[in-house]
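Enquirer: Below you will find the structure I want to go over with you.
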Amino acid sequence: MLTKKQKYVTAVVGATGAVGTEMVRTLEARNFPVDTLRLFASERSEGKRIEFRSSSVRVEILDERSFKGIDIALFSAGAERSRIWAPVAASSGCVVVDNSSQWRMDPEIPLIVPEVNPHDLSWHKGIIANPNCSTIQMVVVLKPIHEAAKIKRVVVTTFQSVSGTGQRAIDELMRQTTDLLNFREVACNVYPYQIAFNVLPHIDVFLENGYTKEEMKMVKETRKIMGDDTIGVTATTVRVPVFRCHSESLNIETEKKLAANEVRAILSSAPGVVVYDAPDRKLYPIPIDVAGTDETYVGRIREDETIDNGINLWIVADNLRKGAALNAVQIAECLIGKA
Ligand SMILES: NC(=O)c1ccc[n+]([C@@H]2O[C@H](COP(=O)([O-])OP(=O)(O)OC[C@H]3O[C@@H](n4cnc5c(N)ncnc54)[C@H](OP(=O)(O)O)[C@@H]3O)[C@@H](O)[C@H]2O)c1
């Protein structure tokens with residue numbers, strides 16, 4: 001368990017990746033009390049230097065002794081690395097905040113969104129899981145609505161940016177776009193089909209029930225974070241040619257009737273949420289405006305006229321920030337009592 005200190009030896013595992021890079025920036029931007037920063041990545045990046053505060057930190061590779069003396073480690077290097085190294089880190093006395101899918105559904109490991117279930121941090125045993133990016137922004141919005149009117153069912157369709165897949169996918173969208181605009185053939189290395197100027201209803205692998213793993217993550221993780229197995233969630237997850245920010249269309253059915261204005265009022269005072277909803281002035285959240293921000297933006301709030309108690313809304317958040325790095329740093333802030 002974490003001993004209270006003035007400053008903490010902090011590590012980022014996967015520091016050269018899309019999320020890891022954002023983690024380093026977020027630690028600096030939020031003035032997290034870092035004593036020494038240790039950065040880890042694969043052997044491909046060993047020796048590379050990454051800027052932090054006014055100096056540069058050398059990237060190291062992991063070994064059995066790496067975590068000695070580290071207080072908090074933010075992991076963002078994929079599920080396989082988390083499976084192997086998170087227990088090694090935890091047994092060295094370090095608290096791990098893991099961004100991969102490896103531990104999220106483990107009943108012994110809390111899955112945390114600080115605005116929703118910070119109380120679940122009390123039972124961590126050294127590893128804390130950070131939810132999937134598309135789930136985080138959805139539960140930040142669902143939680144206050146659930147408290148006000150008890151949610152029965154959610155139908156969600158996502159429009160997810162390529163940065164959700166990582167740096168290789170960012171490079172692929174850039175390269176394909178450039179190639180197409182220069183009348184060259186495109187190569188598909190990350191996604192099964194061209195992503196530039198296209199839309200793919202396929203994120204992660206297909207499961208036996210016909211859903212993708214990403215869709216089922218949204219179902220299961222939502223129930224675990226909200227602490228309510230009765231909430232029905234059905235999801236369609238879609239990859240779109242956007243670099244940054246996931247957008248989601250939500251249809252929410254509640255037990256108690258909520259008017260659109262009541263939802264607007266509830267969400268206006270919800271932590272981590274910004275209501276940006278003025279259709280008469282063509283104001284609604286869009287990825288290029290939300291990129292680089294910390295909150296989950298909500299717009300297009302309206303009543304579903306086909307059922308008694310239904311609300312439709314549109315939410316956008318930066319998947320690398322609230323969907324990953326920021327949520328992880330907020331968890332670390334809760335751990336040290338800074339939040
Ligand atoms: N992108 C998102 O929006 C998002 C959101 C939530 C969760 N996540 C999760 O976060 C994790 C990282 O995602 P990402 O998008 O940042 O991927 P990424 O851009 O591909 O970065 C992967 C990172 O892992 C490092 N790595 C690979 N093999 C390693 C090894 N053997 N030892 C140590 N480090 C190793 C890479 O180092 P090199 O540069 O040296 O290869 C790189 O720093 C994944 O588990 C993903 O599911 C991502």
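The values are calculated or read from the model by the stated rules, or taken from the named source; none is laboratory data. Bear in mind that the values here come from a model prediction, so they are computed numbers and not experimental data. Neighbour counts run over all protein chains shown; Cβ positions are idealised from the backbone, glycine included. Areas reflect the complete protein model, heavy atoms only, side chains present, ligands, DNA and RNA absent. Shrake-Rupley method; radii C 1.70, N 1.55, O 1.52, S 1.80 Å.
Enquirer: Somewhere in the range 306-316, is a residue open to solvent by 60 Å² or more (accessible area, probe 1.4 Å) and within 25 Å of A77 (Cα to Cα)?
Expert: So far as the range 306-316 goes, no, none of its residues is open to solvent by 60 Å² or more (accessible area, probe 1.4 Å) and within 25 Å of A77 (Cα to Cα).
Enquirer: If we keep just the residues of the range 278-315 that are under 22 Å from Q160 (Cβ atoms) and assigned to a loop (DSSP other than H, G, I, E, B), which is farthest from the chain's Cα centre (by Cα)?
Expert: So the residue we want is Y284.
Enquirer: Do you know which residues across the range 185-241 are within 20 Å of R153 (Cβ to Cβ) and among the charged types (D, E, K, R)?
Expert: Once the filter is applied, which keeps residues that are within 20 Å of R153 (Cβ to Cβ) and among the charged types (D, E, K, R), the range 185-241 yields E214, E215, K217, K220, E221, R223, K224, D228, D229.
Enquirer: Now a separate question. Taking V162 as the residue in question, decide whether it is within 16 Å of the ligand (Cβ to nearest atom), open to solvent by less than 10 Å² (accessible area, probe 1.4 Å) and among the hydrophobic types (A, V, I, L, M, F, W, C).
Expert: The answer is yes for V162.
Enquirer: Shifting gears a bit: Can you pull out the residues in the range 213-241 that are within 30 Å of M174 (Cβ to Cβ), more than 16 Å from the chain's Cα centre (by Cα) and of a type outside the set (A, V, I, L, M)?
Expert: T236, P241
Enquirer: Could you grab me the full set of residues in the range 1-49 that are within 16 Å of the ligand (Cβ to nearest atom), part of a loop (DSSP other than H, G, I, E, B) and surrounded by fewer than 18 Cβ atoms within 10 Å (Cβ to Cβ)?
Expert: Selection gives S42, E46, G47, K48.
Enquirer: Another one. When you go through D63, D120 one by one, which is the residue that is away from the ligand (no atom under 13 Å from the Cβ) and outside any strand (DSSP E or B)?
Expert: Of D63, D120, the one residue that is away from the ligand (no atom under 13 Å from the Cβ) and outside any strand (DSSP E or B) is D120.
Enquirer: Could you list all residues from the range 127-155 that are buried (at least 24 other Cβ atoms within 10 Å of the Cβ) and small (G, A, S)?
Expert: Result: A129, S134.
Enquirer: On to the next question. Among A77, A73, which is assigned to a loop (DSSP other than H, G, I, E, B) and under 19 Å from L320 (Cα atoms)?
Expert: That would be A77, the only listed residue that is assigned to a loop (DSSP other than H, G, I, E, B) and under 19 Å from L320 (Cα atoms).
Enquirer: Follow-up question, since we're still on this one. Determine which single condition K256 fails, assuming it passes every other condition in (1) touching a helix residue (DSSP H, G or I) at 6+ places or on another chain (Cβ under 8 Å); (2) within 24 Å of N130 (Cα to Cα).
Expert: Result: K256 passes all but (2).
Enquirer: Which residue, of T212, T254, T178, T222, is among the hydroxyl-bearing types (S, T, Y) and either out of contact with any strand residue (DSSP E or B) (no Cβ under 9 Å at 6 or more places or on another chain) or open to solvent by 10 Å² or more (accessible area, probe 1.4 Å) (or both)?
Expert: Just a single option satisfies the conditions, and that option is T178.
Enquirer: If I filter the range 143-174 down to residues being assigned to a helix (DSSP H, G or I), under 15 Å from the mean Cα position of the chain (by Cα) and of a type in the set (G, A, S), which single residue comes out as nearest to I307 (Cα to Cα)?
Expert: In this case the residue turns out to be G164.
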